[in-house]
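Asker: My questions will all concern the structure given below.
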Amino acid sequence: MRVLVIGGTLFIGRRLVERLLEQGHAVTVLHRRHGRALPAGVEGLVADRNDAGAVRRALAGRQFDIVFDNVYDWERGTTAEQVQATALACAEGLRRYIFMSSVAAYGEGLDHTEEDPLAPEDHPIAYVRHKASSERALFRLHRERGLPVVTLRPPFVYGPGNPFYREAFFWDRIEDGRPIIVPGDGARLMQFVYVEDLVWCCLRAAEEPAAVGQAFNVAHERPITQTELVLALARAAGKTPRLVSVSRERIEAAGGSVMGPEKLYFGVYFDVPPITLRIDKAKRLLGFRPSDFDSALRRTYDWYKSHHRRQPQDYRFEDALLGSV
């Protein structure tokens, strides 16, 4: 089949492209940087997906059976209008439009199912607002114009090639024999999905007729606490970690940053209010069975040891926090 991957050069998109090539599909990647190397046999189209006119020009005269829309512009945001324009630009003859949404689309709360309402249009966080409104726009196109849309709502994605400083944040410190700061009591819940599992669900959603018009939560079945996360990362590295609890009030007063890069204290965006979900629907309709968490973390750690380029670390901020406890 003819497949378009929007954002096929990093992490999720890169692995998706590799799997599509393994299955024998004709793959085209739409990305915004000239000169980026693509796998052999992949056609590259260059356009800024936030520029509706540029996307239309890049896709003019082309038809695709399947489109995977993976791109969100973290610097400028990607709005529902921009997502809708992309979907309309490649709608002719389309068999599936698979949109990478996020658990953030729910806004907040625990134990979400796909039938729960999404975050409102006036949500104060742009990423949350844009993901929720993009899904609403796509499902409206499905109802009104028959767009064969599927949306996926993953939580934190981990695995080989993760461009965010998350797993590596902890492994760098564990390898250096550093104590790990745990915010508060360490009981805040988090939920994860292995990148290979997410790609598997993308491919399955592309072929399962019952997936059309549906949203799917995709994750490991059980949320874990922040403390459990650190212990699991340490197990993958074969190490015993030293955990030190520091109150969020103290971290905030010291200028701690959730996003970094400076004064980052618990991996990029890892210390946020919990949003958790149920995966019954993906298991039932897609046949999804998540990987074993510990085994997937060990594979990710092996990749980290052989591929991760460690940067010099400035631990002064963490030392100041640890010294204040």
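The values are calculated or read from the model by the stated rules, or taken from the named source; none is laboratory data. Keep in mind that this is a model prediction, so the values were computed, not measured. No Cβ is skipped: glycine too gets one built from the backbone with ideal geometry, and neighbour counts run over all protein chains shown.
Asker: Hand me the list of strands (runs of 3 or more DSSP E) wholly inside region 1-98 holding 3 or more residues that are more than 22 Å from the chain's Cα centre (by Cα). Walk me through it before giving the result.
Answerer: Values: elements: 2-6, 26-31, 43-46, 66-69.
Qualifying strands (runs of 3 or more DSSP E): 43-46.
Asker: In region 112-126, how many are touching a residue at least 12 places away in the same chain (Cβ under 8 Å) and either out of contact with any strand residue (DSSP E or B) (no Cβ under 6 Å at 6 or more places or on another chain) or not charged (D, E, K, R) (or both)?
Answerer: Here is the first cut: in region 112-126, the residues touching a residue at least 12 places away in the same chain (Cβ under 8 Å) are 112-114, 118-121, 123, 125-126.
When the remaining residues are screened for being either out of contact with any strand residue (DSSP E or B) (no Cβ under 6 Å at 6 or more places or on another chain) or not charged (D, E, K, R) (or both), the result is 112-113, 118-121, 123, 125-126.
Of the residues in that region, 9 qualify.
Asker: Right, something else. Testing ARG289 on (1) closer than 30 Å to VAL212 by Cα; (2) buried (at least 16 other Cβ atoms within 10 Å of the Cβ), one condition comes back false. Which one is that?
Answerer: (2)
Asker: Let me ask something else about it. For residues that are under 20 Å from ARG2 (Cα atoms) and buried (at least 20 other Cβ atoms within 10 Å of the Cβ), scanning just region 90-111, find the one that is modelled with the lowest pLDDT. Steps first, answer last, please.
Answerer: So in region 90-111, the residues under 20 Å from ARG2 (Cα atoms) come out as 90-100.
Those left that are additionally buried (at least 20 other Cβ atoms within 10 Å of the Cβ): 90, 96-100.
Working: CYS90: 94, ARG96: 98, TYR97: 98, ILE98: 98, PHE99: 98, MET100: 98.
That would be CYS90.
Asker: Here's another thing I want to ask about it. The conditions are (1) exposed (fewer than 11 other Cβ atoms within 10 Å of the Cβ); (2) not assigned by TED's automatic domain parsing to the domain that holds ILE180, and HIS307 fails exactly one of them. Which is it?
Answerer: Here HIS307 meets the rest and fails (2).
Asker: Which residue pairs have Cβ atoms closer than 6 Å, lie 6 or more positions apart in sequence or on different chains, and pair a first residue in region 270-291 that is of a type in the set (Gly, Ala, Ser) with a second residue that is in a helix (DSSP H, G or I)?
Answerer: So the pair list comes out as SER291/ASP197.
Asker: Same structure again: When you go through THR79, THR86 one by one, which is the residue that is touching a His at 6+ places or on another chain (Cβ under 6 Å), closer than 19 Å to HIS142 by Cα and crowded, with 17+ Cβ neighbours inside 10 Å?
Answerer: Numbers: THR86 fails: touching a His at 6+ places or on another chain (Cβ under 6 Å).
Only one candidate passes the filter, namely THR79.
Asker: Tell me, which residue of region 1-20 that is surrounded by fewer than 22 Cβ atoms within 10 Å (Cβ to Cβ) and of a type in the set (A, V, I, L, M) is nearest to GLY161 (Cα to Cα)?
Answerer: Among those residues, the one meeting the criterion is LEU10.
Asker: ALA234: under 30 Å from GLU108 (Cα atoms), surrounded by 15 or more Cβ atoms within 10 Å (Cβ to Cβ), more than 19 Å from the chain's Cα centre (by Cα) and not assigned by TED's automatic domain parsing to the domain that holds LEU110, yes or no? So that I can check it myself, show each step before the final result.
Answerer: Working: under 30 Å from GLU108 (Cα atoms): yes; surrounded by 15 or more Cβ atoms within 10 Å (Cβ to Cβ): yes; more than 19 Å from the chain's Cα centre (by Cα): yes; not assigned by TED's automatic domain parsing to the domain that holds LEU110: yes.
Judged against the criteria, ALA234 is a match.
Asker: While we're on this one: Has region 151-162 got at least one residue that is modelled with pLDDT of 95 or more, farther than 27 Å from SER101 by Cβ, hydroxyl-bearing (Ser, Thr, Tyr) and not assigned by TED's automatic domain parsing to the domain that holds ALA87?
Answerer: Among the residues of region 151-162, not one is modelled with pLDDT of 95 or more, farther than 27 Å from SER101 by Cβ, hydroxyl-bearing (Ser, Thr, Tyr) and not assigned by TED's automatic domain parsing to the domain that holds ALA87, which makes the answer no.
Asker: If a residue counts only when it is of a type in the set (A, V, I, L, M, F, W, C), which strands (runs of 3 or more DSSP E) contained entirely in region 103-177 have at least 3 such residues?
Answerer: On the way: elements: 109-112, 149-153, 156-158.
Ranges flagged: 149-153.
Asker: Residues of region 207-221 being crowded, with 22+ Cβ neighbours inside 10 Å and in a helix (DSSP H, G or I), which ones?
Answerer: Taking region 207-221 first, the residues crowded, with 22+ Cβ neighbours inside 10 Å are 211, 215-219.
Matches in region 207-221: ALA211 only.
Asker: Name, by its number, the condition in (1) within 25 Å of GLU196 (Cβ to Cβ); (2) touching a helix residue (DSSP H, G or I) at 6+ places or on another chain (Cβ under 8 Å) that does not hold for ASP48.
Answerer: (1)
Asker: Right, next: Working only within region 303-323, note down all residues that are in contact (Cβ under 8 Å) with a residue 24 or more places away in the chain and not polar (S, T, N, Q).
Answerer: Within region 303-323, the first condition is being in contact (Cβ under 8 Å) with a residue 24 or more places away in the chain, and the residues that meet it are 303-304, 307-308, 310, 313, 315, 317-318, 320-322.
Scanning region 303-323 gives TRP303, TYR304, HIS307, HIS308, ARG310, TYR315, PHE317, GLU318, ALA320, LEU321, LEU322.
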